[in-house]
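Only one structure is covered here, and it is reproduced in the block below.
We did not get these values from a lab; they are worked out from the coordinates using the rules stated. This is a predicted model, so every value here is computed, not measured. For neighbour counting, all protein chains shown are included, and Cβ atoms are generated from backbone atoms with ideal geometry for every residue, glycine included.
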Amino acid sequence: MGNTSSMLTQYDIEEVQEHCNHAFSQQEIVSLYKRFCQLDRSGGGFISADEFLSVPEFAVNPLSQRLLRMVDGLNFKEFVAFLSAFSSRTSLQQKIEFIFKVYDSDCNGKVTFDDVLDILRDLTGSFMTEQQREKVLTYVLEEAGYTKGSLLDTNDFTKVLGNPGLKMEVEVPVD
Amino acid sequence: MEELGSPTAEIDPDRPNIEDYLPRESIQEPNGKLHLRDLLDISPALTEAAGAIIDDSFTRCFKSNPPEPWNWNVYLFPLWCLGVVVRYGILFPVRVAILAVGWIAFFSAFLPVHFLMSGDNKFKRKIERKLVEMMCSVFVASWTGVVKYHGPRPSMRPQQVFVANHTSMIDFIILEQMTAFAVIMQKHPGWVGFIQKTILESVGCIWFNRTEAKDREIVTRKIRGHVHGADNNPLLIFPEGTCVNNHYTVMFKKGAFELGCAVCPVAIKYNKIFVDAFWNSRKQSFTMHLAQLMTSWAVVCDVWYLEPQFLRPGESPIEFAERVREIISVRAGLKMVPWDGYLKYSRPSPKHTERKQQIFAESVLRRLEEE
């Protein structure tokens, strides 16, 4: 029947809560665990890319491949930590850092012109030419005081996105 | 909705607009000059993705919701144990016996009629029909089906099809015991397939194969042929194409709605008081599912035969299908979701992703022009 192991113990819940910096309440963690087990149909203790893609709402998202790279094969603790960026209890700064991580695919702390171009390509697909994308990006970068060769770090992201802030929240259904 | 990009001509004729139902955050159309922030801020798309990971309406349709256990204390537990003994030790063998007797009676009448009576005459069909109806009643009795039928019974006349929501293959049996319908079914392996081939052929059944691409056209042709034949049993179609958990309805396939004839909706709602009749084909085989039904107290359900509907002038088959789906969903108390049931077996079409990309790209380009 492919059921993962037993229920979460209180100890497990507290450990997960620690790991995600108390971004979720204990009730929410229990709900997330139920969801995790539901998605992890093979019962392997992690959700594979295929199992994520079986959620149509996720599969039609233009950034799904990008996110899959970050979320594929995570165990439950890491899964919750990943989702903690979307909690209402997380600070704006942490959300901005999460976005930075999505851009910074090689995890070197710097986001290049090409990194931003990659995401822009995911978001626009075949409806903009590569030339148009480069042109638009160069234009807005220069307007913000950067150049094509600039390397953006988290401070730059905070400067650009911090004011007037962003809304990135998802509610965990608790029954 | 209206801002869905200019090329409305390419709206997929096979599906109504999913954008009607999806969250709108990423479809907002900001205005004004383009800034770096607008390109860096991917939070709407991320939020949508995270929302889908945490909870999505598609997976909910196929979730078996186990009933709350009520045997959790000292005096309820022995009572429950007694119930188990009665159900497994007394009811189950009795039901199996009834089923066995029923099958024997059925075959001893059906086989001679089928093979000895010559040709394709009306009398032979009538007998076979009655026998199938009887066999279905035996089935229903074998899980103590308590079925309440509401509304006028289906009549046998041409130019009509019946459509119903789908929860399990027993839907078919429950409807069949009242009227011998012809039905469209997915070809199954094993003993079910055997029954499909021999017995159901006599009431007139059409087979399809989900996995075959060209299959839809062939099936559509067969359906049309059947519906126009005056002598055929009324055709029963489950337009969802897959079993859903009886709390939701997924999108209806338009095949049944473009035949140019009356569509009679039938709504089926199971009461989960004793057992959950949803057949979760990913979790159990049909045999296990039947065994589960036969070891529970009863299967309780309501069947409503609703008013026949016709295609309205100016209405497309898809709109017709959605209208009938709403009629059925409202009657049976089910929630409608915009997903195609076949997404259980395959990925969504890239067209949906492309549409989102198109909206975003056009917005960026437009704002770039605004100086």
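Okay, here's what the table says:
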{"read-out": "Proximal lysines relative to residue B:214, as straight alpha-carbon distance under 23 Å, when same-chain residues fewer than 8 apart are discounted", "value": "B:187, B:197, B:222, B:253, B:254, B:344, B:351"}
{"read-out": "Assigned charges on the beta-carbon of Lys, Arg, Asp, Glu; the range A:92-161 dipole about Cα centre (debye)", "value": "160"}
{"read-out": "Chain A: angle of helix A:10-19 to the longest principal axis, Cα-based, in degrees nearest 10", "value": "10"}
{"read-out": "Chain B, relative contact order in percent, only Cα pairs under 8 angstrom and at least six apart counted", "value": "23"}
{"read-out": "Prolate/oblate/rounded label for chain B (Cα gyration tensor, a/c 1.5)", "value": "oblate"}
{"read-out": "Partner chain coverage, peptide A:123-132 - average Cβ within 10 angstrom", "value": "6"}
{"read-out": "Residue order, fewest to most surrounding Cβ atoms within 10 angstrom, among B:77, B:278, B:123", "value": "B:123, B:77, B:278"}
{"read-out": "Rounded to 10°, Cα long-axis angle of helix B:215-228 versus longest principal axis of chain B", "value": "60"}
{"read-out": "Restricting the range B:312-371 to chymotrypsin sites (Phe, Trp or Tyr not before Pro) in coil, as DSSP defines it, with at most 12 other Cβ within 10 Å", "value": "B:345"}
{"read-out": "Cα centre as origin, Lys/Arg/Asp/Glu Cβ charges: the range A:130-175 dipole, Debye", "value": "240"}
{"read-out": "Unit charges on C-beta of K, R, D, E only; dipole of the range A:25-88, Debye", "value": "60"}
{"read-out": "Spin-label pair residue B:68/residue B:284, simplified geometry with 7 Å Cα→Cβ offset, distance in nm", "value": "2.2"}
{"read-out": "Exercise: per-residue mean of other protein chain Cβ atoms within 10 Å, B:360-366", "value": "5"}
{"read-out": "Cβ neighbours within 10 Å from other chains - mean over A:26-34", "value": "1"}
{"read-out": "Using a Förster distance of 56 Å, the FRET efficiency for residue A:118-residue B:117 (Cβ separation, nearest 0.05)", "value": "0.20"}
{"read-out": "Cα long-axis angle, helix B:350-369 against chain B (0 to 90 degrees, to the nearest 10)", "value": "20"}
